[in-house]
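Chemist: Please see the structure below; I have some questions.
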Amino acid sequence: MAVNLLELEEVKKVTEQARLDEHFEALPLKEKAAYLTAQFQKAAEKQGVLLKLRKKK
């Protein structure tokens, strides 16, 4: 089983962009989550990584 992870620098970059975005803090929690999800998906695609949500049973 191969496990590919996002590079730490990419994670830092995504979180820093959100922190610097003036409008991010004003968003409701669900919209913040959606924004970050989209940004992490884009970062993952650049590296050829597939992000999947695994729900607990």
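The values are calculated or read from the model by the stated rules, or taken from the named source; none is laboratory data. Predicted model only: the values in this text are computed from it and were never measured. Note: ideal-geometry Cβ built from the backbone for every residue, glycine included; neighbour counts use all protein chains shown. Heavy atoms of the whole protein, side chains included, go into the accessibility calculation; ligands, DNA and RNA do not. Shrake-Rupley method; radii C 1.70, N 1.55, O 1.52, S 1.80 Å.
Chemist: Go through the residues of segment 41-50 one by one and say whether even a single one is free of Cβ contacts under 8 Å to residues at least 24 places away in the same chain and surrounded by 12 or more Cβ atoms within 10 Å (Cβ to Cβ).
Modeler: yes
Chemist: Return the pairs, sorted by first residue and then second, in which the second residue is at pLDDT below 95, the first residue lies in segment 10-21 and is of a type in the set (S, T, N, Q), the beta carbons are less than 9 Å apart, and the residues are 6+ apart or on different chains.
Modeler: Between residues of segment 10-21 that are of a type in the set (S, T, N, Q) and residues that are at pLDDT below 95, the close pairs are THR15/LEU36; THR15/GLN39; GLN17/PHE24; GLN17/GLN39.
Chemist: Of all residues in segment 4-40, how many are outside any helix (DSSP H, G or I) and open to solvent by 100 Å² or more (accessible area, probe 1.4 Å)?
Modeler: So the count comes out to 6.
Chemist: Hey, another quick one. Can we say LYS55 is basic (Lys, Arg) and touching a helix residue (DSSP H, G or I) at 6+ places or on another chain (Cβ under 9 Å)?
Modeler: On the way: basic (Lys, Arg): yes; touching a helix residue (DSSP H, G or I) at 6+ places or on another chain (Cβ under 9 Å): no.
Taking the combined requirement at face value, the residue does not satisfy it.
Chemist: In this structure, does LYS55 turn out to be exposed (fewer than 10 other Cβ atoms within 10 Å of the Cβ) and modelled with pLDDT under 90?
Modeler: It is true that LYS55 is exposed (fewer than 10 other Cβ atoms within 10 Å of the Cβ) and modelled with pLDDT under 90.
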